[in-house]
Structure formats: C-alpha cells, structure tokens
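One structure below.
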Amino acid sequence: MAEYIVKIFDIKQIIHNVKRFRFEKPNGYNFIPGQATDVSVNKGGWKDKLNPFTFTCLPEDNFLEFTIKIYNERHAVTEQIGKLEVGDSFIIKDVFGTINYKGKGVFIAGGAGITPFLAILRDLHKKNKLKGNKLIFSNKTEKDIILREELKEMLGNDVTFVLTKEKKKGYDYGRIDASYLGKKIKDFNQNFYICGPLEMVK
C-alpha cells in the first residue's frame with residue numbers, strides 16, 4: 001500500500017473539540033466524496049498507529065482536508081493530532097470506500113459521524129443537486145454541532161438538529177430511534193445513509 005507524508009499548512013478550530021486540518025495533496029491522489037484513508041502522525045512512537053479519517057474537502061480542491069474530533073481524555077491518536085501545529089505532517093495511505101452517494105435520501109449522523117457526509121453534501125451543493133436530500137444530525141448539546149451554520153445554509157429546512165442532553169427551542173430533543181424515525185419519515189423506500197456511535201447505528 002502506498003504511503004505519503006503530507007505537510008499541514010492550515011489548522012482551524014471549528015468548535016470546542018473539533019479541528020479542521022488542511023494539508024498537501026500528493027500528485028495524482030484522488031478520492032470520491034465519502035471516502036477515507038488510514039492516517040498516522042509523523043512523529044516518533046506514533047507512525048504505526050493508524051486511524052481512519054474521511055476527507056471533508058472536495059476532490060477538485062488542490063489540498064486535502066480532515067475535520068477531526070479531538071478526544072484528549074483517550075490519550076491516543078486524536079489527542080496527538082490535537083497537538084499538531086502548522087508545519088507538522090500526517091502519514092496517509094491509499095483511499096478506501098466508506099459511504100458512497102447512491103441517490104437522494106436521508107442522511108442520519110451522530111456527532112463526528114457527520115464527517116463522511118460533509119464532502120458528499122458539499123459536492124452535491126456545488127453541483128446544485130442537493131435538493132431532495134435530508135439530514136438528521138444528533139448531538140449532545142448545541143455547542144457540539146459541527147459546522148451548524150454551513151449545514152443550515154446548504155440544506156435550509158431539510159436539516160433537523162437533534163439534541164440528546166439539552167432542551168432548546170428550534171431543536172428536536174431525544175434519541176434517533178425507530179420511534180423518532182417513524183414520526184419524521186414517511187417514505188422508507190428511499191436511500192438511507194448512517195454514521196455515528198455504534199449504539200446509535202445499531
């Protein structure tokens with residue numbers, strides 16, 4: 001499997017525990033929106049510790065981008081990623097398929113599970129093909145919502161934000177389960193895309 005060392009040139013804090021990293025794009029490196037790669041930190045002791053991350057940029061961009069939730073309490077790869085600075089490097093591998101767009105439907109995301117959908121939604125929005133898709137996005141509290149304004153701008157009334165730990169005007173409250181989906185969705189013969197914590201997906 002091919003391996004590429006890519007230098008980070010931009011880091012942006014998105015919300016309190018999520019950062020966006022933009023970095024070099026190797027020549028000829030291509031992906032389909034929704035695809036991911038295995039990533040490690042190019043520092044001693046961490047080069048062989050791989051985590052999969054989804055690209056959140058568009059394929060035609062002249063850079064690559066990850067949007068990563070940092071788990072400082074886990075003392076693992078994302079904690080190290082959270083410490084990276086401009087000029088540091090990732091080691092990335094070849095791309096692999098995760099979630100591919102197969103047509104209009106409902107995207108269901110929990111927390112950082114939104115990241116595989118970001119490139120897909122951005123790509124459809126750029127091509128003016130987003131209409132007819134819906135997003136249901138669950139988070140603990142309002143401050144945990146990744147890129148809320150951008151998602152609202154792209155999807156308008158076709159995005160529903162659900163909070164599980166906070167009751168707030170303008171948001172649904174509770175968990176995304178069979179009962180909730182039964183009330184929200186009338187057509188179950190459409191495409192469904194889901195990514196989130198294992199319990200939620202189950």
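The values are calculated or read from the model by the stated rules, or taken from the named source; none is laboratory data. Quantities reported herein were computed from a predicted structural model and do not represent experimental measurements. Cβ sites come from the backbone with ideal geometry, for glycine too, and all protein chains shown count toward neighbours. Surface accessibility is based on the protein's heavy atoms, side chains included, excluding ligands, DNA and RNA. Shrake-Rupley method; radii C 1.70, N 1.55, O 1.52, S 1.80 Å.
In table form, for the structure just shown:
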read-out: Loop trypsin sites (Lys or Arg not before Pro), the stretch 131-175, which have at most 15 other Cβ atoms in a 10 Å radius of their Cβ (DSSP); value: 131, 140, 165, 167, 168, 169, 175
read-out: Lys/Arg +1, Asp/Glu -1 at C-beta; the chain dipole; positive extreme among 116, 52, 156; value: 156
read-out: Cα centroid separation - the stretch 171-190 against the stretch 1-74, whole Å; value: 32 Å
read-out: Candidates 189, 128, 139: whichever shows maximal mean-square fluctuation once the chain is modelled as a Gaussian network with Cα springs under 10 Å; value: 189
read-out: Three-way shape call for the stretch 59-111 based on the alpha-carbon gyration tensor, with the a/c threshold at 1.5; value: oblate
read-out: Probe 1.4 Å - accessible area at residue 48, Å² to nearest ten; value: 120 Å²
read-out: Three-way shape label, the stretch 1-144, alpha-carbon gyration tensor, a/c 1.5; value: oblate
read-out: Neighbour-limited loop hits for GluC sites (Glu not before Pro), the stretch 86-186 (at most 13 other Cβ within 10 Å; DSSP other than H, G, I, E, B); value: 166
read-out: Unit charges on C-beta of K, R, D, E only; dipole of the chain, Debye; value: 680 debye
read-out: Greater than 27 Å apart at Cα, pairs in 104/202; 25/165; 93/143; value: 25/165; 93/143
read-out: Global geometry of the stretch 62-173, whether rounded, prolate or oblate, following the gyration tensor of its Cα atoms and the 1.5 cut on a/c; value: oblate
read-out: Heavy-atom accessible area per residue - the chain, 1.4 Å, Å²; value: 54 Å²
read-out: Helix 115-126 vs. the chain, principal-axis angle (Cα, 0 to 90°, nearest 10); value: 80 degrees
